[in-house]
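The values are calculated or read from the model by the stated rules, or taken from the named source; none is laboratory data. Computed from a predicted structure; not experimentally measured. A quick note on method: Cβ atoms are made from the backbone with ideal geometry, for glycine too, and the neighbour counts reach across all protein chains shown.
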Amino acid sequence: MNNLDTNSTTKEETKTMMAYVTAKPFLGITYVIILGVTSVVGTFGNGLILYVVSVKRIIRKVESIFILNLAVSDIFVTAVANVISLLGKVKGEQYINNIPGLCVVVASICTVTCVSSLTTIMVMSINRYVYICAPKYRKIFTNRTSILYCLAMYVLGSFLCILNVFGIGGHGFDTQGKICIWDRMASHPYTIVFSVVLVWIPAIITGIIFLRVYFFVRARSRANTDRVCIKSSYISVAKSFIIIYLVFIICWAPYATVIALEYDNSYPEDLHVFVTVFAHLHPCFTWIVYYKTNKRFAEAYRAIFQSRKNSERRCQNGSIALPELSSNWSTSPAEVTGHQNPHSMTDSETALNTRPVLSR
């Protein structure tokens, strides 16, 4: 009887450790393709964000600090966490565990960066609320304080991981989700806390803030003769952040719900694989959201691609002349001195950098 139990256990362990692609080829290959494509697209897109904001400097306000912080957090997920997840589904748990500590390190950093991503979005919403509705924006959001806010986000994520050292929670390879991630079964009460801190608290706060901004603008617009101007200013300022927030919540809500409700590891394997893959799709959409909702990002992307095409044409024609910068990207005296003429600003500059004039 003991031999039968041993054989049964061995078969079950073998099945559990088997690569997901081998056990379920159709679903496995589908998820591998999705992870592969989103890893490439997300890494490229977030790298593009880092380039246009830090090198091209299309945004010179404190908002750029949060945009860069979000891109840095997201690029780890697309370039590292998703790649390890892909290997876990193709090669299986044993292959990942052949490198001691790899899975724990990747899962821990993934936790830190995911916490940073959603809290960054939350702080972005607070930034927009203060910018539009409060009179002390420049005292609350300076370059120094914004950097400190970003550091605090990583401290919060690191704190959740440090507690593992004291036996609270854990990280490792999830045999159900086939991914290096938070160990949801190490301590279920703490997993619930983790779910609340990671997703639900930032999500609720961000949603409330955006609603307050909406009602504030609507109330002021009723008292203002130029209603359209006020509403368009608000939409231009907040549109990108709202969509990014919604994408993150849509992607992470299923995972946060599953790990909070499941206490006995009884949910189907396919469900866990789906919610973990779906949760990690969010970083590949951010750069597309910026492109579709923000003229300055769209112009910067087009300028890079056009410059690339021009360089290829010059190479084909045997010319070594360097591409000239478009006049749209030249620095104006106003940018040098820090003073801008509101009549000379473009629509895209107004969308990001101009506070709506609201009667109080």
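Conditions tested, residue by residue: (1) in contact with a strand residue (DSSP E or B) (Cβ under 7 Å, 6 or more places away or on another chain); (2) surrounded by 16 or more Cβ atoms within 10 Å (Cβ to Cβ).
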residue: C103; (1), (2): yes, yes
residue: L118; (1), (2): no, yes
residue: M124; (1), (2): no, yes
residue: I132; (1), (2): no, yes
residue: R144; (1), (2): no, no
residue: I168; (1), (2): no, no
residue: V197; (1), (2): no, yes
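Taking the range 101-115 as the region of interest, how many residues are without any contact (Cβ under 8 Å) to a residue 60 or more places away in the chain and in a helix (DSSP H, G or I)? Count: 4. Screening V115 against (1) touching a Pro at 6+ places or on another chain (Cβ under 9 Å); (2) farther than 26 Å from F274 by Cα leaves a single unmet condition, (2). Only a single item in (1) touching a strand residue (DSSP E or B) at 6+ places or on another chain (Cβ under 8 Å); (2) in a helix (DSSP H, G or I); (3) β-branched (V, I, T) is not met by I181, and it is number (2). For the range 160-181, taking the residues that are touching a Phe, Trp or Tyr at 6+ places or on another chain (Cβ under 6 Å) and hydrophobic (A, V, I, L, M, F, W, C), the one that is nearest to Y20 (Cα to Cα) is identified as C180.
Per the listing V217, V237, the residue uniquely surrounded by 15 or more Cβ atoms within 10 Å (Cβ to Cβ), modelled with pLDDT under 75 and within 23 Å of T119 (Cβ to Cβ) is V237. In the range 28-47, is there at least one residue being crowded, with 21+ Cβ neighbours inside 10 Å and over 28 Å from G92 (Cα atoms)? Within the range 28-47 (the criterion being crowded, with 21+ Cβ neighbours inside 10 Å and over 28 Å from G92 (Cα atoms)), the answer is yes, since at least one residue qualifies. Helices (runs of 4 or more DSSP H) fully within the range 1-100 that include at least 2 residues being of a type in the set (F, W, Y), modelled with pLDDT of 90 or more and more than 18 Å from E269 (Cα to Cα): 25-54, 63-76. The residue of the range 247-280 that is nearest to Y20 (Cα to Cα), among those that are surrounded by fewer than 22 Cβ atoms within 10 Å (Cβ to Cβ) and under 11 Å from the mean Cα position of the chain (by Cα), is C251. Scanning the range 116-144 for residues that are in a helix (DSSP H, G or I), in contact (Cβ under 8 Å) with a residue 40 or more places away in the chain and over 19 Å from Y245 (Cα atoms) yields a count of 3.
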